[in-house]
1. So, restricting to strands (runs of 3 or more DSSP E) that lie completely within region A:263-303, which ones have at least 3 residues that are open to solvent by less than 10 Å² (accessible area, probe 1.4 Å) and over 17 Å from residue A:229 (Cα atoms)?
2. I'm checking my understanding of the structure. Among residues of region B:98-147 that are touching a residue at least 12 places away in the same chain (Cβ under 8 Å) and of a type in the set (Val, Ile, Thr), which one is surrounded by the fewest Cβ atoms within 10 Å (Cβ to Cβ)?
3. What residue, among those in region A:1-33 that are in contact with a Phe, Trp or Tyr (Cβ under 8 Å, 6 or more places away or on another chain) and open to solvent by 30 Å² or more (accessible area, probe 1.4 Å), is farthest from residue A:288 (Cα to Cα)?
4. Residues of region A:56-97 being among the β-branched types (Val, Ile, Thr), open to solvent by less than 10 Å² (accessible area, probe 1.4 Å) and farther than 17 Å from residue A:18 by Cα, which ones?
5. Is there a residue in region A:162-180 that is at positive phi, away from chain B (no Cβ under 14 Å), surrounded by fewer than 24 Cβ atoms within 10 Å (Cβ to Cβ) and not in a helix (DSSP H, G or I)?
6. What pairs can you find where one residue is in region A:254-277 and among the hydrophobic types (A, V, I, L, M, F, W, C), the other is modelled with pLDDT of 95 or more and part of a loop (DSSP other than H, G, I, E, B), and their Cβ atoms are less than 7 Å apart, with a gap of 6+ or different chains?
7. Condition (residue is modelled with pLDDT of 95 or more, in contact with a helix residue (DSSP H, G or I) (Cβ under 7 Å, 6 or more places away or on another chain) and more than 21 Å from residue B:235 (Cβ to Cβ)) applied to region B:84-98: is it met by at least one residue?
8. If we scan region B:233-256, do we find a residue that is closer than 24 Å to residue B:88 by Cα and open to solvent by 30 Å² or more (accessible area, probe 1.4 Å)?
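The values are calculated or read from the model by the stated rules, or taken from the named source; none is laboratory data. Please read all numbers here as calculations on a predicted model, not as lab measurements. Cβ sites come from the backbone with ideal geometry, for glycine too, and all protein chains shown count toward neighbours. Surface accessibility is based on the protein's heavy atoms, side chains included, excluding ligands, DNA and RNA. Shrake-Rupley method; radii C 1.70, N 1.55, O 1.52, S 1.80 Å.
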Number of protein chains: 2
Amino acid sequence: MVDMTEPIQWAVAIHGGAGVIARTMPPEAARVRMERLQEVVSNASAALAAGTAALDVVEQAVAELEEIPEFNAGRGAVLTSEGTHELEAAIMDGSSGDCGAVCLVREIRHPIHLARRVLETSPHVLLAGATAEAMGEDLERVSNEWFTTPLRREQWQQWKDTASAADARGPATVGAVARDHSGRLAAATSTGGRTGKPPGRIGDTPTIGAGTWADDRCAVSGTGHGEAFMACVAGHAVAARMKLQGKALSEAVQEVVGDCLPPGSGGLVAVDDQGRIEMPFNCEGMYRGAADATGRSEVAIWR
Amino acid sequence: MVDMTEPIQWAVAIHGGAGVIARTMPPEAARVRMERLQEVVSNASAALAAGTAALDVVEQAVAELEEIPEFNAGRGAVLTSEGTHELEAAIMDGSSGDCGAVCLVREIRHPIHLARRVLETSPHVLLAGATAEAMGEDLERVSNEWFTTPLRREQWQQWKDTASAADARGPATVGAVARDHSGRLAAATSTGGRTGKPPGRIGDTPTIGAGTWADDRCAVSGTGHGEAFMACVAGHAVAARMKLQGKALSEAVQEVVGDCLPPGSGGLVAVDDQGRIEMPFNCEGMYRGAADATGRSEVAIWR
């Protein structure tokens, strides 16, 4: 099937995590999150409209999401079983296939900038801990405690007291995908992981093909139960349906989120080379936002 | 296309790494490597013929390959830039989709047993360093230096002196894939990485979908330039061609090794649900061996 319509010149979608998001959330809490998502979408839209490259836009959008304490990445990341933070991030340029990822990061304020640094300057794809941090000597450093918010400390205490992963299915990640005016696609993802995760656990976010993927047909950023995304290589599973079967993005993501991933495991945001956006999830909610050159601009939490 | 032939009851393929393998290698050195491969193939064949599960067979085969100092995994692993060893391994059960992987391992004699332990007992897929090692408290521990052989020390010294990755394309990994009498498939891979790699570099071996993959149609273990396998999600790319396009294993692996992976980047061993084996590589050589229930039994290095 040949699509004769003109591509949408630019498009962006972001997420602030999928999972169990109570519909009983106080309206004020929902409003704050929606406003923050809207700010990030608006900034990304302005950048894309001004001709900024998709790779730069998704990096910047994720850096902004990392700063928002309500979302689980950067400041406001969840705590490990030891009460510390171990952050991970990845970024991929769909036009070149270049990718960079970092994990077990403890003192770099913006893990996504570190992932970009790996993409730009390292012959490696995935670097952990001190070696990753050494790639960003000029990037801003903070203490590990700087990432902690009172809410995350409280959730961690609750996890410790009950030995149950009460929020283990809570919002898990932030991410962004974009198509720029040149048709280039890019994806970026960043996370603190899961409350109570053991130090050394590496999830889907920095696993190229699982939580983060971009090629010349689609860009995907996942959020949810990381191990489920890893075991079905979710991002690459979307891309493979488009490349190998010629499926539309909408069909590809529905198969992966509906059939490959277990119910309740999460969602993703994705954009294709025509600027079409998809934001499916198979759980209660997903903080998300989207905009494109046609004037579309929206943010949402539930269906 | 419906294949009406009976499946081959069991089949196994192993590798001891692909890369630049000089054809001028002394005949005695080649003979030793061929003999060691043959031993591993013979043991795996006997186990499969006796009804052992594919998952157990690939774990055991990789454990034996880890013991062979000529191959880059376990004892005889290459050294990092710091002159230390950081080992990684993964194992995946195609019938259940369960997988386990470890990286940045320093003192567990058999990383593949640790990966199996993660598969069996952890809710996580990929664990690094001390947390991974703590999963195998009853597994044999050795000092990090125990893994070093004189040859690897010499290669490291050469790397240090010339600041060039002289053997950066040398044999890289060990692995095994098998189909058992019940039609179950499994894959296992283990490596020391690349000489002079920075500590904290994580490669394709423990990345599910890249260097290690198994589902109900195929099992794949890759070897070569890890970053190339990660950027094209090589193992899952083979599986996707079979699942989504109905391609035969032979066609799927030729596309991935011939078209997706850059020339010279490595190879893989793979088996499908009919017991058919493929062992393609796009570089000078690949230490490999294969056997099946029809009486096939072979080992080889070059084409």
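1. A:285-292
2. Only one residue fits best here, namely B:121.
3. Top of the filtered list is A:23.
4. We begin by selecting, within region A:56-97, every residue among the β-branched types (Val, Ile, Thr); these are A:57-58, A:62, A:68, A:78, A:80, A:84, A:91.
Subset that is open to solvent by less than 10 Å² (accessible area, probe 1.4 Å): A:57-58, A:62, A:78, A:80, A:91.
Matches in region A:56-97: A:57, A:58, A:80, A:91.
5. No, region A:162-180 contains no residue that is at positive phi, away from chain B (no Cβ under 14 Å), surrounded by fewer than 24 Cβ atoms within 10 Å (Cβ to Cβ) and not in a helix (DSSP H, G or I).
6. Here the result reads A:257/A:280; A:257/A:282; A:260/A:232; A:261/A:232; A:261/A:282; A:268/A:280; A:269/A:279, each pair linking region A:254-277 to a residue that is modelled with pLDDT of 95 or more and part of a loop (DSSP other than H, G, I, E, B).
7. yes
8. Within region B:233-256, not a single residue is closer than 24 Å to residue B:88 by Cα and open to solvent by 30 Å² or more (accessible area, probe 1.4 Å).
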